[in-house]
Amino acid sequence: MKLRRTLSTIGLAGLAAASLFVINPASSVAAGTGDAVCGTTAGADAKARPGGSAKQDPNELTDDQAAARERDFAAAIRLRSKLDGSAQLAAAINIPVAFHVIKENNTVGEISDQMINAQMNVLNAAYAASGFTFSLSSVERVVNPAWYPIVYGSNTEKQMKAALRVGTMGVLNIYTGELSDNLLGWATFPKSKANTADGVVMLGESMPGGDAAPYNLGDTATHEIGHWLNLYHTFQGGCNGQGDQVSDTPAEAQATFGCPTGQDSCRNKPGLDPVNNFMDYTDDACMFEFTPGQNARMVSAWNAYRA
């Protein structure tokens, strides 16, 4: 095993339950495991994966899984309220970010400091209205062909995270590299019990300046961090039930791709499809907003699980 570390581990923590984001449209499948995955397969416009595998991953929680998560979330809020007297402890939150750049060799998988800094700028702009800011705490470059590409759910992914993850539950660990099965990225939902799985994995070329157009403006990270802060997809639950559990996010029957206008897939519910929302599957250039309800949910989740 060839391994080069440029920074030392400063601690570890984490939470489980994954969410994946893949590169182009296909039908949804339920995981049945509690994991939420953003799933689609590569198309001709996905430069990072021309002619890639058509393997499909689960891309959203089942109704039962979402209900279980909501019960856990409510319990975490109640516990935090008892401990601290309020479920809304903080409105302005800074999140340290530790980047782990996974490489096959000295060049394959490399991500420049310029791309990382540009990604940080994207995150701070996307989350400005939410009260979250992001500060770069470390960049670590690791050469290890056994970890490349990063394979979702594999033993090597677990080994990688166990070896590299740093910080407390409030530190965002981001792992970049080539990913398995045409995936753009995946993330963990928060849970009360910490473990080394916690964090975001994303295709390095989805960062600003990468070659994964139309997903190369940095909003794969925005989307996956939304899951890390307990947001579901805008199309969670389709046109029925509580959807994504956020009242001001219009219901959406299924994931949207490209950047359509005037789309209304749930005509029995108010509002057009939220195609400009960071938690849909549209092109990066189409995404530009979280709703106030999503912002409030993320702050509540931070205080319940990560503060």
For residues in the range 103-154 being closer than 21 Å to Asp219 by Cβ and in a strand (DSSP E or B), which is farthest from the chain's Cα centre (by Cα)?
Val139
Of the conditions (1) at pLDDT below 90; (2) within 17 Å of Thr188 (Cβ to Cβ), Ala76 satisfies every one except a single condition; which number is it?
(1)
May I ask you to verify whether Gly226 is crowded, with 23+ Cβ neighbours inside 10 Å, in contact with a Ser or Thr (Cβ under 6 Å, 6 or more places away or on another chain), closer than 27 Å to Ile111 by Cα and of a type in the set (Gly, Ala, Ser)?
no
Read through the list (1) surrounded by 23 or more Cβ atoms within 10 Å (Cβ to Cβ); (2) under 23 Å from Ser112 (Cβ atoms); (3) among the hydrophobic types (A, V, I, L, M, F, W, C), then give the number of the only condition that Ala213 fails.
(1)
With the condition kept exactly as written, say whether any residue in the range 267-277 is under 25 Å from Asp198 (Cβ atoms) and either crowded, with 20+ Cβ neighbours inside 10 Å or touching a His at 6+ places or on another chain (Cβ under 9 Å) (or both).
yes
When the residues of the range 97-134 are narrowed to those that are surrounded by fewer than 21 Cβ atoms within 10 Å (Cβ to Cβ) and of a type in the set (D, E, K, R), which ends up nearest to Gly204 (Cα to Cα)?
Glu110
With the checklist (1) part of a helix (DSSP H, G or I); (2) in contact (Cβ under 8 Å) with a residue 60 or more places away in the chain; (3) surrounded by 19 or more Cβ atoms within 10 Å (Cβ to Cβ); (4) not aromatic (Phe, Trp, Tyr) in hand, flag the one item Glu157 doesn't pass.
(2)
Cβ-Cβ under 6 Å, sequence separation 6+ or interchain: first residue in the range 184-210 and aromatic (Phe, Trp, Tyr), partner modelled with pLDDT under 95 and in a strand (DSSP E or B). Which pairs?
Trp186/Ala18; Trp186/Ser19; Trp186/Leu20
What's the total number of residues in the range 185-199 that are in contact with a strand residue (DSSP E or B) (Cβ under 7 Å, 6 or more places away or on another chain) and surrounded by fewer than 24 Cβ atoms within 10 Å (Cβ to Cβ)?
1
Filtered residues of the range 118-154 (kept if touching a residue at least 60 places away in the same chain (Cβ under 8 Å) and under 15 Å from Gly199 (Cβ atoms)):
Gln119, Leu123, Ser138, Val139, Glu140, Val142, Tyr152, Gly153
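For (1) of a type in the set (Asp, Glu); (2) in a loop (DSSP other than H, G, I, E, B), each residue gets a yes or a no:
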{"site": "Glu224", "(1), (2)": "yes, no"}
{"site": "His227", "(1), (2)": "no, no"}
{"site": "Gln236", "(1), (2)": "no, yes"}
{"site": "Thr256", "(1), (2)": "no, yes"}
{"site": "Gly262", "(1), (2)": "no, yes"}
{"site": "Cys266", "(1), (2)": "no, yes"}
{"site": "Pro274", "(1), (2)": "no, yes"}
So for the range 237-253 (the condition being of a type in the set (S, T, N, Q), surrounded by 20 or more Cβ atoms within 10 Å (Cβ to Cβ), within 25 Å of Leu183 (Cα to Cα) and at pLDDT 95 or above), does at least one residue qualify?
no
Taking Leu203 as the residue in question, decide whether it is within 18 Å of the chain's Cα centre (by Cα), more than 27 Å from Ala76 (Cα to Cα) and buried (at least 24 other Cβ atoms within 10 Å of the Cβ).
yes
Residue that is under 16 Å from Cys286 (Cβ atoms) and among the charged types (D, E, K, R), where the choices are Glu178, Glu205, Glu252:
Glu252
With respect to Asn303, determine if the residue is modelled with pLDDT under 95 and surrounded by fewer than 22 Cβ atoms within 10 Å (Cβ to Cβ).
yes
Being surrounded by 19 or more Cβ atoms within 10 Å (Cβ to Cβ) and under 22 Å from Asn124 (Cα atoms) is the requirement here; does Asn182 meet it?
no
Which numbered condition in (1) modelled with pLDDT under 90; (2) under 28 Å from Leu136 (Cα atoms) is the only one that Val108 fails?
(1)
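The values are calculated or read from the model by the stated rules, or taken from the named source; none is laboratory data. Just so you know, these numbers come straight off a predicted model, no measurement behind them. Counting neighbours? That spans all protein chains shown, and the Cβs are built from the backbone with ideal geometry, glycine included.
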